[in-house]
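One structure is given here, and the rest of the page talks about it.
Every read-out reported here was derived from the displayed coordinates using simple, explicitly stated rules and does not represent laboratory data. Given the structure is predicted, the values throughout are model-derived calculations rather than measurements. Cβ atoms come from the backbone with ideal geometry, glycine included; neighbour counts cover every protein chain shown.
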Amino acid sequence: MRCPHCGEESFAKKKKITENWKVVGEIQVCALCGKKWGENAPGGTAGKASDGNKSRLAALLGGDLTEKVELAGSVDRKFCRNCRYFLVHPFKTVCSLTDTEADPMGECGRFEERAAVQNPS
């Protein structure tokens, strides 16, 4: 595309707009001259799907896009990091049942659920 400011063949890059060290928006600028490109103001609708696009997608897929999708593999697994015998140390992680180094994402046949920690109030 041609930049409307410098007239050179270029592409748009995203630039974050900050205010008091917080990002308040994002605009597209020319990669060569750095001037604002297009109508992508910080409060604009650039990059957001419109209602028309959502309805066309729903018609294509034949369903409602608002329903929640649940993955089949989202079952809580018995990882060592959730076991009551898993001991976290700054230098290594240890299974206090076997006194061996433990992998936090490992699985064991002797898994016991860790008791929930309650905050003293």
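Evaluating 6.51 cos²θ - 1.76 cosθ + 1.60 at θ = phi - 60° for every residue in segment 94-111, the Karplus couplings come out as 10, 8, 6, 7, 9, 6, 10, 5, 10, 8, x, 9, x, 10, 9, x, 9, 5 Hz, glycine and proline recorded as x.
With the cut-off at 18 Å, tell me which of the pairs 14/54; 14/36; 13/54; 15/54 have Cα atoms farther apart than that. Table pairs above 18 Å Cα-Cα are 14/54; 13/54; 15/54. With a cut-off of 11 Å between beta carbons, the residues surrounding residue 106 carry a summed charge of 0, where Lys and Arg count +1 and Asp and Glu -1.
Say each of residue 70 and residue 2 gets a label point 7 Å from the Cα, pointing the same way as Cα to Cβ; how far apart are those two points in nm? The two pseudo-label positions are separated by 5.7 nm. If you take every residue apart from residue 31 with its C-beta less than 13 Å away from the C-beta of residue 31, what net charge results, scoring Lys and Arg +1 and Asp and Glu -1? Computed value for this residue: +4.
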